[in-house]
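As structure tokens, the structure follows; a few thoughts come after it.
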Amino acid sequence: MSYQYINVSNHDGVGEIKLHRPDAMNALCAALMEEVGTALQGFAADDTINAVMITGSEKAFAAGADIKDMAQLSCVDAVQDDFPFSASGWTVLKEYRKPVIAAVSGYCLGGGCELAMSCDFIIATDTARFGQPEVKLAIMPGAGGTQRMARAVGKARAMELCLTGRFMDAEEALEAGLIAYITTVDRLHGDTLATASTIAAHSSISTQLIKESINQAFEMPLSSGLLFERRMFQTCFASEDRTEGMNAFIDKRPPAFRNR
Ligand code: CAA
């Protein structure tokens, strides 16, 4: 499969999507997000892939939806196509079952920040800049920014960020709870790959159920979420991997998980 706007690679259990539109700060045109959807579906169908990472360039993870394309878009077209969800990357990622990490360096703005927040967690360099600057274009976040930012950093800071359009640096993003940890530009790929490889080495039965359960924390009241978690926990006992995991611990040897 050849792509125009992304590079796709496979690192021993970890699938990588690298956004590659250098002349436009990785702005998320429809074709780019369609390619992201295709690549994600490919990794979903590949039994050897247990975790995915999405990254950009040193300068930009992504500077948002493509403003030059949006300038031509009518309200009727946006509604009829369900823009930006007309491109499969957004819909596939929303329902994605394998863990996905966003590895962010440089600008992570607008739709770019929404893409990173649609992943399961974000690892960022000390050069990363996060923001929802849509307000400066007289529009607003449209791919989850108001919802996911409010859940990630709380109402006050989400309001302030989205209403002013200012950028937040990596230290602030870490302190606010938007990102998991900070690394350097030189180490971003290696650190993210190491984290993704650790996840990929676990049984996909448990990693996928953990992901689903944590996501339910944002959908359900606590009592329902706790019940959902308990049922998922009990489901783990049906897998061959949990027998292997516990026996390996008792036998003092590494487990050999088969995702069964
Ligand atoms: N769409 C289209 N092109 C973009 C772009 C975007 N979102 N962001 C940057 N580019 C292009 C620029 O137009 C420029 O192209 P040319 O060389 O052809 O002029 C090129 O990328 C380099 O950008 P700059 O010259 O602007 O670089 P800079 O270093 O001076 O500034 C920046 C970098 C701060 C990221 C600045 O480009 C910027 O503010 N970009 C727009 C950010 C933004 O408003 N994002 C939100 C978009 S709306 C959205 O995302 C809606 C949604 O929720 C779905």
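Is it the case that Ala200 is within 26 Å of His11 (Cβ to Cβ), part of a helix (DSSP H, G or I) and open to solvent by 50 Å² or more (accessible area, probe 1.4 Å)? Against the criterion (within 26 Å of His11 (Cβ to Cβ), part of a helix (DSSP H, G or I) and open to solvent by 50 Å² or more (accessible area, probe 1.4 Å)), Ala200 does not qualify. Contact map, the range 114-133: first residue over 16 Å from Gly190 (Cα atoms) and free of Cβ contacts under 8 Å to residues at least 60 places away in the same chain, second residue within 12 Å of the ligand (Cβ to nearest atom) and of a type in the set (Val, Ile, Thr), Cβ cut-off under 6 Å, separation 6 or more or different chains; the map is empty. Out of Asp126, Asp169, one residue alone is touching a Ser or Thr at 6+ places or on another chain (Cβ under 7 Å), open to solvent by 30 Å² or more (accessible area, probe 1.4 Å) and more than 13 Å from the ligand (Cβ to nearest atom). It is Asp126. Sub-8 Å Cβ pairs linking a first residue in the range 208-236 that is touching a residue at least 40 places away in the same chain (Cβ under 8 Å) to a second residue that is open to solvent by less than 90 Å² (accessible area, probe 1.4 Å) and in a helix (DSSP H, G or I), at least 6 apart or interchain, are Glu212/Met232, ordered by first then second residue.
For the range 94-111, give me the residue count where each residue is farther than 16 Å from Gln216 by Cα, within 16 Å of the ligand (Cβ to nearest atom) and in contact with a helix residue (DSSP H, G or I) (Cβ under 7 Å, 6 or more places away or on another chain). Final tally of qualifying residues: 6. Within the range 46-54, not a single residue is out of contact with any Lys or Arg (no Cβ under 6 Å at 6 or more places or on another chain), within 14 Å of the ligand (Cβ to nearest atom) and not basic (Lys, Arg). Check whether at least one residue in the range 179-194 is among the hydrophobic types (A, V, I, L, M, F, W, C) and in contact with a Pro (Cβ under 9 Å, 6 or more places away or on another chain), and report yes or no. No, the range 179-194 contains no residue that is among the hydrophobic types (A, V, I, L, M, F, W, C) and in contact with a Pro (Cβ under 9 Å, 6 or more places away or on another chain). Arg151 meets all of the listed conditions (1) of a type in the set (D, E, K, R); (2) within 11 Å of the ligand (Cβ to nearest atom); (3) surrounded by fewer than 19 Cβ atoms within 10 Å (Cβ to Cβ) but one, namely (2).
Looking only at residues of the range 16-42 that are farther than 24 Å from Asp82 by Cβ and in contact with a strand residue (DSSP E or B) (Cβ under 8 Å, 6 or more places away or on another chain), we find that the one that is least open to solvent (accessible area, probe 1.4 Å) is Glu16.
Remark: Arg242 matches the filter, which requires a residue to be in contact (Cβ under 8 Å) with a residue 24 or more places away in the chain, of a type outside the set (A, V, I, L, M, F, W, C) and touching a Cys at 6+ places or on another chain (Cβ under 6 Å).
The values are calculated or read from the model by the stated rules, or taken from the named source; none is laboratory data. Since the structure is predicted, the reported quantities are computational estimates derived from the model, not experimental observations. Every residue, glycine among them, receives a Cβ derived from its backbone with ideal geometry; neighbour counts consider all protein chains shown. Surface accessibility is based on the protein's heavy atoms, side chains included, excluding ligands, DNA and RNA. Shrake-Rupley method; radii C 1.70, N 1.55, O 1.52, S 1.80 Å.
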